[in-house]
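A.B. asks: Below is the structure I would like to discuss, written out as structure tokens.
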Amino acid sequence: MKLFIMAMCVAISFSTAAQKQKGNTNKQAVILSVDKHQAELVNLSDQVWAFAETALNEHQSSKVLADYAEAQGFKVTRGVAGMPTAFIAEYGSGKPVIGIMGEYDALPGISQKAQPTRDPLAEGAGGHGCGHNLFGAGSLGAAVAIKEQMQAGKIKGTIRFYGTPAEESVGGKIYMAREGLFNDLDVCLDWHPDTEIAASTQSSQAMVDFIVEFKGKAAHAAADPWNGRSAVDGLEAFTDGVNMLREHVRPSVRMHYAIKAGGDVPNVVPEYAKVWMWVRDSKRSGVEDVFARVKEIAQGAAMIAGVESKITIQTGDYELLVNRKGAEALQKNLEFLGPIVYTPEEIAFAKKIQEVQGGKQTGLDGTIHALKETAEHPAGGSTDVGDISWIVPEVTLVATTAPANTAWHGWSVVACGGMSIGHKGMVLAAKSLGMTMVDLFENEQLRKDIRAEFEQRRAGHVYKAYIPAGPPPIPTAK
Ligand SMILES: [Zn+2]
């Protein structure tokens, strides 16, 4: 692998961009720092992978990351924004202030060993099917590298690592955003495990997550049904209405629901029913239009059934505001580092997973993809990083930690995240994000250009968190 990277460096050393990167001793120092701490970062990631704690129960996961930051000399504040598993680790002082986010929550029920065939590590337990074990440790590795350059007097300003819990449920970042914890940042960075390497230029979907409840009146279903008012009738009328609405929304809208309570037995008129629903669209304004109609459908359904309805918003994400200027800076650093080279064993591991899951056996994609045009409508999926991107310019990386043609949020991603395939993606993320932070600290013009693009895209919109008052309730550990 080393030989290949050296050959790559020789091949591109004639371009001025590459020479500039090579000549930047702070970037070289960042790369060396990540190499120096690599075993510790892998260890942190593997610990979080094994804990596999789900949203807001990431007690051990946040502790190992916060403890490590503290041991490295960061000032650590734990339990921010009313969430015991959220924390901030900061080093340095004054401007600029550059932030980097790390996640560490797992998904329920997809526990898996680091092997290419299905076998749970602990039956029924959680698993890192979105690679957040790598996300947290990788971002912290980049922050530590910058801190060491500050300590050496080479970089001036403040580096701040955000330990952001519960991405997979309530969106911990939104609670931190509402507290104003991102307001003084110049730029924020993040990355996400993926099946390819790219400086991201794509948005994500805006969404709202809410509960609709119907309350009726119980009665004997045979003896006196005329005295009853069925909450399930209300629920059925509601879902009928939603499914009629589907024909009259834009193609970018997605609506999905799960029925959480729908009566207990047939011979009692059910007095309670509950449906959990999400509405998504490419922009928050689109989500709000559809959500307004869904609220009316709930009222109408309640009238049909003679019951009461209630809607409770649980959370909501903004769409991600792309920052191409920031992505361009990250792209140069990715190109300097060059592709990830995999061993034959790693490729065989990936192909085995693809074979087991019935996908095309393409192996792993370690190439650095060129910057893509920003699509008008993002691919399906939402993230609470979207909210942060409306407060501060956001630079996002995606890096390969698993093969394509397999189910994301599935056991195969867990398997790869607990072995060298995942580790290699994490190390690339730590280096490329660390190098990009060097650019951001050193280059005032770059910060200005990034800010100008951000202001133009934000167009004066004032961020408002889409969450209920107070801290999120802590769910029972799964
Ligand atoms: Zn994720």
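A.B. asks: Apply the Karplus curve 6.51 cos²θ - 1.76 cosθ + 1.60, θ = phi - 60°, to the phi angles in the range 424-437 and return the couplings in whole Hz, x for Gly and Pro.
C.D. replies: My calculation for the range 424-437 gives 5, x, 5, 5, 4, 5, 4, 5, 5, 6, x, 5, 5, 5 Hz in order.
A.B. asks: Taking a cut-off of 28 Å between Cα atoms, list the lysines near residue 295, but don't count ones fewer than 8 places away on the same chain.
C.D. replies: Result set, ordered by chain and number: 173, 215, 217, 260, 274, 283, 310, 464.
A.B. asks: With contacts defined as alpha carbon pairs under 8 Å and 6 or more residues apart, what's the relative contact order of the chain in percent?
C.D. replies: For the chain, the relative contact order is 23 percent.
A.B. asks: Relative to the longest principal axis of the chain, what angle (0 to 90°, nearest 10) does the C-alpha long axis of helix 25-51 take?
C.D. replies: It is inclined by approximately 40 degrees.
A.B. asks: Still on this structure: If you project the alpha carbons of the chain onto the principal axes, what extent comes out on each, in Å, largest first?
C.D. replies: 85, 50, 41
A.B. asks: Sticking with this one: Rounded to the nearest 500, what is the 222 nm mean residue ellipticity of the chain from helices alone, with -39500 (n - 2.57) per DSSP H run of 4+ residues and division by all residues?
C.D. replies: Rounded to the nearest 500, it is -13500 deg cm²/dmol.
A.B. asks: May I ask for the net charge around residue 197, where only other residues with Cβ less than 11 Å from the Cβ of residue 197 are counted and Lys, Arg are +1 while Asp, Glu are -1?
C.D. replies: -3
A.B. asks: Around residue 84, under 11 Å between beta carbons, what's the net of Lys plus Arg minus Asp minus Glu among the other residues?
C.D. replies: +1
A.B. asks: To the nearest 10 degrees, how steeply does helix 344-356 sit against the main Cα axis of the chain, on a 0 to 90 scale?
C.D. replies: Long axis of 344-356 versus the principal axis of the chain: about 10 degrees.
A.B. asks: Leaving out ligands, DNA and RNA but keeping every protein chain, what accessible area does residue 46 have, in Å² rounded to the nearest 10, with a 1.4 Å probe?
C.D. replies: Approximately 50 Å² of residue 46 is accessible to the 1.4 Å probe.
A.B. asks: Also, I was wondering about something else. Run through the range 310-361 and list the trypsin sites (Lys or Arg not before Pro) located in a DSSP loop whose Cβ has at most 12 other Cβ atoms within 10 Å.
C.D. replies: 360
A.B. asks: Separate question: Angle, helix 2-12 long axis vs. longest principal axis of the chain, Cα atoms, 0 to 90°, nearest 10?
C.D. replies: Here the helix axis deviates by roughly 80 degrees.
A.B. asks: Taking H placed 1.01 Å from N in the peptide plane, check which residues at least 5 places from residue 127 or on another chain put their amide H under 5 Å from its amide H.
C.D. replies: Correct list: 107, 109, 110, 111.
A.B. asks: Under 20 Å Cα-Cα from residue 360, which aspartates and glutamates qualify once same-chain neighbours fewer than 8 residues away are excluded?
C.D. replies: Qualifying aspartates and glutamates at Cα under 20 Å: 194, 196, 345, 346.
A.B. asks: What fraction of the DSSP beta bridges in the range 81-208 is antiparallel, stated in percent and rounded to the nearest 5?
C.D. replies: Close to 45 percent.
A.B. asks: Another question, if that's okay. Taking 0.36 nm per residue of sequence separation and subtracting the Cα-Cα distance, how much length would be gained by fully extending the chain between residue 118 and residue 63, in nm to one decimal?
C.D. replies: That pair, residue 118 and residue 63, stretches by 16.9 nm at full extension.
A.B. asks: For the range 142-205, just say rounded, prolate or oblate: build the C-alpha gyration tensor, square-root its eigenvalues into a ≥ b ≥ c, call rounded for a/c under 1.5, and beyond that prolate if a/b exceeds b/c, oblate if not.
C.D. replies: Oblate, since a/c reaches 1.5 and b/c is not below a/b.
A.B. asks: A further question follows. Express in Å², to the nearest 10, the accessible area of residue 118 obtained by rolling a 1.4 Å probe over the protein heavy atoms while all chains stay in place.
C.D. replies: 110
A.B. asks: Separate question: For residue 192, enumerate residues with amide H under 5 Å from its amide H, sequence gap 5+ or separate chain, H modeled in the peptide plane.
C.D. replies: 397, 398, 399
A.B. asks: How many angstrom separate the Cα center of the range 393-454 from the Cα center of the range 271-317?
C.D. replies: 35
A.B. asks: Can you tell me, using C-alpha contacts under 8 Å and at least 6 residues apart, the relative contact order of the range 321-370 as a whole percent?
C.D. replies: RCO, the range 321-370: 39 percent.
A.B. asks: Okay, moving on. Through the Karplus equation 6.51 cos²θ - 1.76 cosθ + 1.60, θ set to phi - 60°, convert the phi angles of the range 123-134 into ³J(HN,Hα) values in whole Hz; use x for Gly and Pro.
C.D. replies: For the range 123-134, the Karplus-derived couplings read 3, x, 7, x, x, 8, x, 10, x, 5, 4, 6 Hz, x marking Gly and Pro.
A.B. asks: Here's something else I'd like to know. For residue 215 and residue 93, what is the calculated FRET efficiency with R₀ set at 60 Å and r taken between the beta-carbons, to the nearest 0.05?
C.D. replies: 0.65
A.B. asks: Shifting gears a bit: Enter the accessible area of residue 441 (Å², nearest 10), with the probe set to 1.4 Å and all protein chains included.
C.D. replies: 20
A.B. asks: Which FRET efficiency value, to the nearest 0.05, is calculated for residue 459 and residue 295 with the Förster distance at 25 angstrom and r the Cβ-Cβ distance?
C.D. replies: Efficiency, from the Cβ-Cβ distance: 0.40.
A.B. asks: Count charges around residue 138 for me, please; just the other residues with Cβ under 13 Å from its Cβ, Lys/Arg as +1, Asp/Glu as -1.
C.D. replies: Within the 13 Å Cβ shell, the charges total -3.
A.B. asks: Rank these by accessible area, largest first, 1.4 Å probe: 398, 356.
C.D. replies: Output order, biggest surface exposure first: 356, 398.
The values are calculated or read from the model by the stated rules, or taken from the named source; none is laboratory data. Since we're looking at a predicted model, the values are computed, not measured. Don't worry about glycine lacking a Cβ; one is built from the backbone with ideal geometry, like all the others, and counts go over all protein chains shown. Surface areas here come from the heavy atoms of the whole protein model, side chains and all, with no ligands, DNA or RNA. Shrake-Rupley method; radii C 1.70, N 1.55, O 1.52, S 1.80 Å.
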